[in-house]
């Protein structure tokens, strides 16, 4: 007999939904039809409206020393509705990500210090889950729906959304749904790692909207690759630790691995294609 949909917090959760931001929406977002429908619709619409030709962003064109049409004209004001919307979008995600990181990471470290590696990682007593992880994992899951606007912005500006972009955004919604559904203590790595990287990443993007040109975008991509490799390493550790995860929670670790392996491959391919080729062009000049 199929298991009924879980629309209440997982067993062992002592946090009241009334004390969680957007907690009233928890029963809605935790129905499996919501992430599945949104992920499929997002994927189909992204491919349907993806431009045939790819237009380089201003920052990427500058990085590759490509002179775009109109590059010599007076620069447009940043105070256009579209530009201000993009800045606000990136600023909101940067602030939120920073808040999520400082909310979870210190608690995670303190848990390791006080309970040791096994107790801190496995969270057998549920202290980390109930103090910060339940609320932050749920909000992190909800934030992934909002992050789909990243792709809308890319396509609206006439640029192609890559397979990496679409796979990443569609897949992470499902990953975070299962992280909440199975209430795995390993989700703490997804939250503070990704939140930390996103703080840097969205701050970088917000600055570029204002015309600031921070150097080293390739290092940002390297940081993203490192976070996934680091996270996957700890997934392997969790799978090797006995009496740490329930069978359901171990299932989430396998689902996470199935998502991360292709994602890491796509990121590495993106890095090679984007930065190695541009570096070879500069050497040839």
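All of the numbers you see were taken from the coordinates with simple rules; none came from a lab. Note that the structure is predicted; figures quoted are calculated from it, not measured. Heads up, the Cβs are rebuilt from the backbone with ideal geometry, glycines too, and the neighbour counts pull from every protein chain shown.
General observations
- Virtual spin-label span in nm between residue 152 and residue 28, 7 Å along Cα→Cβ: 1.5 nm
- Binning the C-alpha pair distances of segment 78-234 at 5 Å intervals from 0 yields a P(r) profile of 1, 9, 16, 21, 20, 14, 9, 6, 3, 1, 0 %, listed from the shortest bin outward.
- Taking every alpha-carbon pair under 8 Å whose residues sit at least 6 apart, the chain reaches a relative contact order of 26 percent.
- Separation of alpha-carbon centers, segment 73-125 and segment 133-171, rounded to whole Å: 15 Å
- Report summary: the helix-based calculation at 222 nm, which adds -39500 (n - 2.57) for every DSSP H run with n ≥ 4 and divides by the residues of the chain, gives -22500 deg cm²/dmol.
- Residue of 30, 201, 82 that the Gaussian network model of the chain assigns the largest fluctuation, springs spanning Cα pairs under 10 Å: 82
- Compared with the dominant principal axis of the Cα atoms in the chain, helix 134-146 is inclined by about 30°.
- Nearest-ten-degree value, helix 81-122 long axis tilted from longest Cα axis of the chain: 40 degrees
- Rounded to the nearest 10 degrees, the angle from helix 187-209 to the longest Cα principal axis of the chain is 20 degrees.
- Counting other Cβ atoms within 10 Å as a rough exposure proxy, the listed residues 275, 265, 182 run 265, 275, 182 from fewest neighbours to most.
- Among 19, 8, the ranking by other beta carbons within 10 Å of each residue's beta carbon, starting with the fewest, stands as 19, 8.
- Identified option (computed log10 I(q)/I(0) by the Debye sum over Cα atoms at q = 0.10, 0.16 Å⁻¹; candidates [x] -0.48, -1.21; [y] -0.59, -1.37; [z] -0.48, -1.35): [y]
- Ordered by the number of other Cβ atoms lying within 10 Å of each residue's own Cβ, fewest first, 85, 101, 28, 270 fall into the sequence 28, 85, 270, 101.
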